[in-house]
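Accompanying notes for the structure given below.
The values are calculated or read from the model by the stated rules, or taken from the named source; none is laboratory data. None of the values given here were measured: they were computed from a predicted structure. We place every Cβ from the backbone using ideal geometry, glycine too, and count neighbours over all the protein chains shown.
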Amino acid sequence: ETGVTQSPTHLIKTRGQQVTLRCSSQSGHNTVSWYQQALGQGPQFIFQYYREEENGRGNFPPRFSGLQFPNYSSELNVNALELDDSALYLCASSLAANNEQFFGPGTRLTVL
Amino acid sequence: GQNIDQPTEMTATEGAIVQINCTYQTSGFNGLFWYQQHAGEAPTFLSYNVLDGLEEKGRFSSFLSRSKGYSYLLLKELQMKDSASYLCAVRSPNDYKLSFGAGTTVTVRA
């Protein structure tokens, strides 16, 4: 059974640019949640997708957007990057919205 | 809003016991999770409590008191590989999102 995978592992962007991060959920999981983890902090919830629909959103501005595809993989898009967007972005999948979440290895984004 | 507090750092000796406390004040509650996160890696699930009491899983145990907004993670027979950050997270009842504390860095010394 393949676990949650994310790509790329590392990324460097400059202020104002746009970025797309990708996540493949664990086999059979239909729910994907995205988190931002700044250095020395706990993960902060960005949003969750359940069967291709957004199913809850945290306190992040609209320039953070996402998609979930029919195979339940997901993308996180961030427009107009700011320095404070530098963080580890974690994707977690679960069998359903109220089940245990399994985390991927994360994408380390650096904004210069 | 969500407010989840846990100590920043703890140090213990190999073979000893360490207890990591977590207090929470949240607008809703649908379970409390503990995750382990090694530096540069993803969080991995350790335990889940939704009812009051103690859940034991090998060397790790977790306790919950909903009336006190309090949980602890107990790590017994500490090993060097237990050096990591331990994250307490509360799940919301409506959208099932996890709200995390800042994490407790545990250092195990020989």
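Things to note:
- In the set (1) more than 14 Å from chain A (Cβ to nearest Cβ); (2) free of Cβ contacts under 8 Å to residues at least 24 places away in the same chain, B:Lys97 fails one condition alone, (1).
- Any hit, segment B:29-37, residues being over 12 Å from the mean Cα position of the chain (by Cα) and more than 14 Å from chain A (Cβ to nearest Cβ): no
- Unique match (being closer than 26 Å to B:Phe33 by Cβ, away from chain B (no Cβ under 14 Å) and touching a Leu at 6+ places or on another chain (Cβ under 9 Å)) among A:Ser74, A:Ser27, A:Ser65, A:Ser33: A:Ser74
- Residue count for segment A:48-68 under the criterion of being of a type outside the set (Lys, Arg) and at pLDDT below 95: the result is 10.
- Residues (within 14 Å of another protein chain (Cβ to nearest Cβ) and closer than 16 Å to B:Thr23 by Cα) located in segment B:74-94: B:Tyr86, B:Leu87, B:Cys88, B:Ala89, B:Val90, B:Arg91, B:Ser92
- Residue match in segment A:39-51 (condition: more than 30 Å from B:Thr8 (Cβ to Cβ), within 11 Å of chain B (Cβ to nearest Cβ) and not β-branched (Val, Ile, Thr)): yes
- Checklist (1) within 14 Å of chain B (Cβ to nearest Cβ); (2) closer than 25 Å to B:Ala84 by Cα applied to A:Ser86, failing item: (1)
- Qualifying positions in segment B:1-22 - surrounded by fewer than 17 Cβ atoms within 10 Å (Cβ to Cβ) and within 10 Å of the chain's Cα centre (by Cα): B:Gln19, B:Asn21
- Which listed residue, of B:Gly69, B:Gly53, is modelled with pLDDT of 95 or more, more than 10 Å from chain A (Cβ to nearest Cβ) and surrounded by fewer than 17 Cβ atoms within 10 Å (Cβ to Cβ): B:Gly53
- Qualifying residue in segment A:98-112 (condition: at positive phi and touching a residue at least 40 places away in the same chain (Cβ under 8 Å)): yes
- The one condition in (1) among the polar types (S, T, N, Q); (2) surrounded by fewer than 22 Cβ atoms within 10 Å (Cβ to Cβ); (3) at pLDDT 95 or above that A:Asn98 fails to fulfil: (3)
- Where strands (runs of 3 or more DSSP E) sit wholly within chain B, those with at least 2 residues that are among the aliphatic types (A, V, I, L, M) and closer than 22 Å to A:Gln101 by Cα occupy B:70-75, B:84-91.
- Qualifying strands (runs of 3 or more DSSP E) (wholly inside segment A:10-88; at least 1 residues being crowded, with 17+ Cβ neighbours inside 10 Å and touching a residue at least 24 places away in the same chain (Cβ under 8 Å)): A:19-24, A:31-37, A:44-50, A:53-57, A:64-68, A:74-78
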